[in-house]
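Undergrad: My questions will all concern the structure given below.
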Amino acid sequence: MRHFHPILRGLAARLPQAFVLVAVASISPKALATIDIWAFGSTLNLPNTLPIGTVISRYTISLSQLCGSASSCPRQFVFLFPNGGTITAPGPLITTNVSGISTRLLVNGQPVTNNTSVASVNSPLEVQLVRDDRPLVAGSLKGSAANPGYYNVCPTSICYSGNVGRGINLSATVRLVNGTCSTPDQSVALPAMVMHKLKGVGSTGDQSGTKGFTLRFDNCPPGFARVGYTLTPIGGPMPALAGALPATGGSTAKGVAIQITGTNGTPATFNQSLPLSAYSTSTGGTYSIPMNARYIQTEATVKPGTISSMMSVLVDYQ
């Protein structure tokens with residue numbers, strides 16, 4: 001079997017995926033009978049170099065929070081209130097009280113505009129904070145004292161006693177941190193492996209086909225409460241084996257994939273933010289996480305050749 005060449009790339013930062021917000025609420029104009037849920041805790045630490053259009057943070061509202069024990073919510077009306085005030089705006093992006101940050105609400109995976117009527121809500125809601133084109137300045141996201149909600153979601157066009165909606169409120173004070181971690185691109189070339197060492201679907205041969213590498217997080221500034229990272233496969237359909245990457249175009253080998261693992265052989269977790277546990281909020285610094293890349297058989301028959309795979313390393317901050 002000829003060389004397999006996985007390529008692992010660190011792509012600079014996806015931003016915060018942490019503090020989140022919940023709530024649900026009334027209607028336009030705002031009614032009194034709403035259940036308000038405050039979000040983001042007391043402080044949200046953000047890099048001061050966020051590019052315009054970046055999704056800064058996300059919060060998921062489960063169906064149980066919105067619908068109780070039902071598997072979906074019938075007819076819901078959604079209203080958008082910029083800055084947590086009393087006047088609605090078209091959306092889907094509306095401004096917050098922090099310059100440089102707007103917000104949008106996704107219902108059934110799609111951004112909604114003001115006065116939207118949704119026939120049925122059948123997946124979790126997601127509230128996003130998005131970097132807009134205003135200068136980014138520290139400050140409080142909190143809405144007005146009398147009407148703090150940014151979003152109201154209600155089963156009728158007016159929320160009233162006995163027909164309580166949900167009010168989604170933003171509450172954190174945004175604090176800016178100077179800079180982000182850098183994640184340099186890298187390529188990892190696996191040694192050649194002879195085909196007979198793979199003994200069936202899920203087998204990985206011996207250590208001769210394993211190559212170690214490190215995820216690098218360079219020059220992380222101090223000041224964040226948490227730094228996280230997400231490993232995201234790039235390419236076509238995922239092999240049905242944990243930690244295995246899809247092959248990129250130009251690969252000629254068949255029935256085999258590149259698997260990413262920890263140094264103990266545990267398959268890597270994809271598409272989930274993991275903490276950079278060594279990060280120090282007081283000092284910052286440069287950190288590395290050792291990992292391995294190896295072959296794994298994915299089909300009963302293996303055809304020799306070469307294989308390339310790619311993944312991105314997305315960094316998030318709180």
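Undergrad: Give me the residue from the stretch 18-58 that is at pLDDT 50 or above and among the polar types (S, T, N, Q) and, out of that set, nearest to the chain's Cα centre (by Cα).
TA: S57
Undergrad: Now, a different point. With surrounded by fewer than 22 Cβ atoms within 10 Å (Cβ to Cβ), part of a strand (DSSP E or B) and in contact with a Phe, Trp or Tyr (Cβ under 8 Å, 6 or more places away or on another chain) as the only criterion, which of V78, V118 stands out? Working first, answer last.
TA: Working: V78 fails: surrounded by fewer than 22 Cβ atoms within 10 Å (Cβ to Cβ).
Every option except V118 fails the conditions.
Undergrad: Further question: Yes or no: P124 in the same structural domain as N292 (by TED's automatic domain parsing) and over 29 Å from S308 (Cβ atoms)?
TA: So P124 fails the test.
Undergrad: Look through T230, T301, T306, T252 and report the one residue that is of a type outside the set (D, E), surrounded by fewer than 20 Cβ atoms within 10 Å (Cβ to Cβ), modelled with pLDDT under 95 and touching a Phe, Trp or Tyr at 6+ places or on another chain (Cβ under 7 Å).
TA: Numbers: T230 fails: touching a Phe, Trp or Tyr at 6+ places or on another chain (Cβ under 7 Å); T301 fails: touching a Phe, Trp or Tyr at 6+ places or on another chain (Cβ under 7 Å); T252 fails: touching a Phe, Trp or Tyr at 6+ places or on another chain (Cβ under 7 Å).
Answer to the selection: T306.
Undergrad: With the structure loaded, tell me whether V127 is of a type in the set (A, V, I, L, M) and modelled with pLDDT of 90 or more or whether it fails that test.
TA: Details: of a type in the set (A, V, I, L, M): yes; modelled with pLDDT of 90 or more: no.
In short, no.
Undergrad: If you take the residues in the stretch 92-115 that are within 22 Å of the chain's Cα centre (by Cα) and in a loop (DSSP other than H, G, I, E, B), which one is surrounded by the fewest Cβ atoms within 10 Å (Cβ to Cβ)?
TA: Looking only at the stretch 92-115, we keep the residues that are within 22 Å of the chain's Cα centre (by Cα), and these are 92-96, 98, 100-112.
Add one more test, that the residue is in a loop (DSSP other than H, G, I, E, B), and what stays is 92-93, 96, 98, 100, 108-109, 112.
Working: P92: 19, L93: 17, T96: 24, V98: 26, G100: 23, N108: 14, G109: 10, V112: 22.
My answer is G109.
The values are calculated or read from the model by the stated rules, or taken from the named source; none is laboratory data. Because the structure is a prediction, the values reported are computed rather than measured. Neighbour counts are summed over all protein chains in view; Cβ atoms, including those assigned to glycine, are modelled from backbone coordinates with ideal geometry.
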